[in-house]
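The values are calculated or read from the model by the stated rules, or taken from the named source; none is laboratory data. No experiment lies behind these values; they were computed from the predicted model shown. When the accessible area is computed, the model is the full protein with side chains, heavy atoms only, and any ligands, DNA or RNA have been set aside. Shrake-Rupley method; radii C 1.70, N 1.55, O 1.52, S 1.80 Å.
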Amino acid sequence: MKPLAPAARERAVLVGGPAHGLRLHVTDRPPVVQVTRPCELEEPTGSVPGLRAEALYVYRRDLSTHDEPLRYGFDGASP
């Protein structure tokens, strides 16, 4: 059996949404990148210790981009 080739690591940029302009490295061109931001919780009586909430933002790869940096566009309709 032939050994697996090392994973390709490429530069990418997020376009639109709350993380617009953020640059990162991705491996093997994932179709989706998720970005999260912590939400501030109000501590109601009887809250669960360690509980946290995060806002989730979805970015989808622009398939028309073939060279670095890869582009991921904000998908406001996705949770």
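Descriptive notes on the structure:
- Any chance PRO38 is more than 11 Å from the chain's Cα centre (by Cα), of a type outside the set (A, V, I, L, M) and assigned to a strand (DSSP E or B): yes
- Exclusive hit being at pLDDT 95 or above, on the phi > 0 side of the Ramachandran plot and either open to solvent by less than 60 Å² (accessible area, probe 1.4 Å) or among the small types (Gly, Ala, Ser) (or both), set GLY21, GLY73: GLY21
This table checks each residue for (1) basic (Lys, Arg); (2) part of a strand (DSSP E or B).
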position	(1), (2)
HIS25	no, yes
ARG29	yes, no
GLU42	no, no
LEU51	no, no
ALA55	no, yes
VAL58	no, yes
SER64	no, no
GLY73	no, yes
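- Any hit, region 5-12, residues being at pLDDT below 85, of a type outside the set (Ser, Thr, Tyr), more than 12 Å from the chain's Cα centre (by Cα) and open to solvent by 80 Å² or more (accessible area, probe 1.4 Å): yes
- You will find that of GLY46, GLY16, the residue that is at positive phi, at pLDDT 90 or above and open to solvent by less than 80 Å² (accessible area, probe 1.4 Å) is GLY16 and no other.
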